[in-house]
Amino acid sequence: MPELPEVETVRRMLADHIPGRRIANANVSRHRLRSETLAGLPHRLEGRAFAAPRRTGKFLFLDLDDGHTLLSHLGMSGRWLFAAASEDSLDAEMPHVHLRLEFADRSRLWYQDIRRFGMLRIVPLARLSDDPSVRLLGPDPLEHPPTPGSLLDAAHRSRVAVKTFLLDQRKLAGIGNIYASEILHRSRVDPRRPAGAVTPEEWSRIAPEITRVLGDAVSRMGTTFSTYRTIWNEPGQYGDQLLVYDRAGQPCRSCGAPVRRFVQAGRATFWCPDCQRRAATARKRPKA
Ligand SMILES: [Zn+2]
């Protein structure tokens, strides 16, 4: 599932290509995304031009020149695909395309979504912060990097496991299952610890890893397991940087012990029990 780094990669690429382009034609499929029909989109989009796209967490805001934004979430398998006028990379027979935009200069922007958990919706910019999908989102960790103190406050009295806490979009917007495991491994924190019991010292390791892991993943265009692609239909390149995610049974890259997988709140967690022992730093061997 696309997380912050994948969505930010898409945003940056769209920012290079769509601002100022005017939509000449818009066509939608007859399918629904989540529960929403797309039938109303074409007449709202035709004739409009895009401004610079923005993002909070996993949501993209493709602002239009009429005071509205096209709110987009990639869900499990959504992709924005772009082709310049001279390119024939978008094939009319391509399946699962739910929105086809053709610009006045004949370049094209398509939205493809195999599993249809994504979202496309027009929202007035003046009401965006009240939108039910957006209003509960916590801070975006690239825009507002978390500090040990902000995380300690956000987790105050929380009894959910720290891995599950990191996935809570109301606390931090954008971290998903891949990067939560990676952040906790690099911070050497046990993913099962109740978030409210994580110590200030542990948050001081977690906070910089959130920014570092997400930033590194953005610089490598995200991680592709199955469906995520950039707007040029390329896979992300962060997969070979993963230390624990999807590596169950393989040796930990730090200590050699087997990486473990277990299910937490319905989601797979990957970790190294040796490196992420509870209060690992407190158990350093005393000086001889
Ligand atoms: Zn290890």
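The values are calculated or read from the model by the stated rules, or taken from the named source; none is laboratory data. Owing to the predicted nature of the structure, the values given are computational and were not obtained by experimental measurement. A quick note on method: Cβ atoms are made from the backbone with ideal geometry, for glycine too, and the neighbour counts reach across all protein chains shown.
Within the range 244-251, is even one residue under 30 Å from GLY149 (Cβ atoms) and at pLDDT 95 or above?
yes
For residues that are hydroxyl-bearing (Ser, Thr, Tyr) and closer than 17 Å to PRO139 by Cα, scanning just the range 149-168, find the one that is surrounded by the fewest Cβ atoms within 10 Å (Cβ to Cβ).
Applying the filter and picking the extreme gives SER150.
Condition check ((1) under 18 Å from the mean Cα position of the chain (by Cα); (2) assigned by TED's automatic domain parsing to the domain that holds ARG55; (3) in contact (Cβ under 8 Å) with a residue 40 or more places away in the chain) across all residues:
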residue: LEU167; (1), (2), (3): yes, no, yes
residue: ASP190; (1), (2), (3): no, no, yes
residue: GLY196; (1), (2), (3): no, no, yes
residue: MET221; (1), (2), (3): yes, no, yes
residue: ARG229; (1), (2), (3): yes, no, yes
residue: GLN237; (1), (2), (3): yes, no, no
residue: LEU243; (1), (2), (3): no, no, yes
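Does LEU125 fit the bill of being within 24 Å of ALA24 (Cβ to Cβ), of a type outside the set (Lys, Arg) and buried (at least 18 other Cβ atoms within 10 Å of the Cβ)?
Spelling it out, it is not the case that LEU125 is within 24 Å of ALA24 (Cβ to Cβ), of a type outside the set (Lys, Arg) and buried (at least 18 other Cβ atoms within 10 Å of the Cβ).
Of the residues LEU70, LEU81, LEU41, LEU60, only one is at pLDDT 95 or above and under 17 Å from THR224 (Cβ atoms); which?
The match here is LEU81.
How many residues, within the range 269-288, are closer than 23 Å to MET221 by Cα, more than 14 Å from the ligand (Cβ to nearest atom) and either of a type outside the set (S, T, N, Q) or at pLDDT below 95 (or both)?
Number satisfying all stated conditions: 0.
Could you please give the count of residues in the range 135-148 that are surrounded by 18 or more Cβ atoms within 10 Å (Cβ to Cβ) and of a type in the set (A, V, I, L, M, F, W, C)?
2
Yes/no matrix, rows are residues, columns are (1) at positive phi; (2) among the polar types (S, T, N, Q); (3) surrounded by fewer than 15 Cβ atoms within 10 Å (Cβ to Cβ); (4) assigned to a helix (DSSP H, G or I):
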| position | (1), (2), (3), (4) |
| --- | --- |
| ASP190 | no, no, no, no |
| TRP203 | no, no, no, yes |
| ILE206 | no, no, no, yes |
| ILE210 | no, no, no, yes |
| GLY222 | yes, no, no, no |
| SER226 | no, yes, yes, no |
| ASP246 | yes, no, no, no |
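Would you be able to tell me the number of residues in the range 163-186 that are closer than 20 Å to ALA217 by Cβ and not in a loop (DSSP other than H, G, I, E, B)?
The number of residues fulfilling the criteria is 14.
Which of the residues spanning the range 100-133 are under 19 Å from GLU6 (Cβ atoms) and of a type in the set (A, V, I, L, M, F, W, C)?
LEU109, TRP110, ILE114, PHE117, MET119, LEU120
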